[in-house]
Amino acid sequence: MISTLDKATQTDQALEDTVAHLATSALGKKSGPIGLDDPLLSGEAGFDSISLMEFVLRLEDTFGISIPDEDLDPDIFYSVKTIASYLRARLEPEI
C-alpha cells in the first residue's frame with residue numbers, strides 16, 4: 001500500500017517533471033536538459049520574452065489555470081522548483 005506521503009512525493013515529482021518538460025519545449029533547441037534548480041531567467045536556459053510567454057501559455061494550458069501578470073515574478077519563475085511550488089499552491093485543492 002502506498003502511503004499518503006509517498007503519493008505526495010510522486011505528485012511533486014510528476015509536477016516538477018512536467019514543468020521541466022514544458023520549459024525545455026518552450027526554449028526549443030537553445031538549451032539542453034534543465035535541472036530543477038537551474039535559473040530560468042538567466043544563465044544557460046535564458047528565457048527571452050517570447051519563450052517566457054510561450055512557457056506561461058503552456059503552463060496555463062497544461063494545468064487549466066490563468067497566471068495573472070502580477071504572478072510573473074522573477075522569484076516565482078526562478079527555477080523549475082519555484083514554479084512547481086507556485087503551481088502546487090494554486091492547484092492544492094485539486095492535487
Scanning segment 37-47 for residues that are in contact (Cβ under 8 Å) with a residue 12 or more places away in the chain and farther than 19 Å from Asp12 by Cβ gives Pro39, Leu41, Glu44, Ala45, Gly46, Phe47
Considering segment 21-45, residues that are of a type in the set (Gly, Ala, Ser) and exposed (fewer than 14 other Cβ atoms within 10 Å of the Cβ), and then whichever is modelled with the highest pLDDT, we arrive at Ser25
Scanning segment 67-87 residue by residue, the ones that are surrounded by fewer than 17 Cβ atoms within 10 Å (Cβ to Cβ) and over 10 Å from the mean Cα position of the chain (by Cα) total 8
Considering residues that are closer than 21 Å to Pro33 by Cα, of a type outside the set (S, T, N, Q) and either in contact (Cβ under 8 Å) with a residue 12 or more places away in the chain or in a helix (DSSP H, G or I) (or both), the number found within segment 53-83 is 13
For segment 13-36, pairs from a residue that is in a helix (DSSP H, G or I) to a residue that is β-branched (Val, Ile, Thr) and at pLDDT 90 or above, with Cβ under 6 Å and 6 or more apart or across chains, are Glu16/Val80; Val19/Val80; Val19/Ile83; Ala20/Val80
Per the filter on segment 48-66, residues over 12 Å from the mean Cα position of the chain (by Cα) and under 23 Å from Gln13 (Cβ atoms) are Asp61, Gly64, Ile65
A careful count of residues in segment 5-19 that are modelled with pLDDT of 90 or more and surrounded by 13 or more Cβ atoms within 10 Å (Cβ to Cβ) gives 5
Going through segment 45-91 in order, the residues found to be closer than 15 Å to Asp17 by Cβ and basic (Lys, Arg) are Arg58, Lys81, Arg88
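The values are calculated or read from the model by the stated rules, or taken from the named source; none is laboratory data. Quantities reported herein were computed from a predicted structural model and do not represent experimental measurements. Cβ: placed from backbone, ideal geometry, glycine included. Neighbour counts: every protein chain shown.
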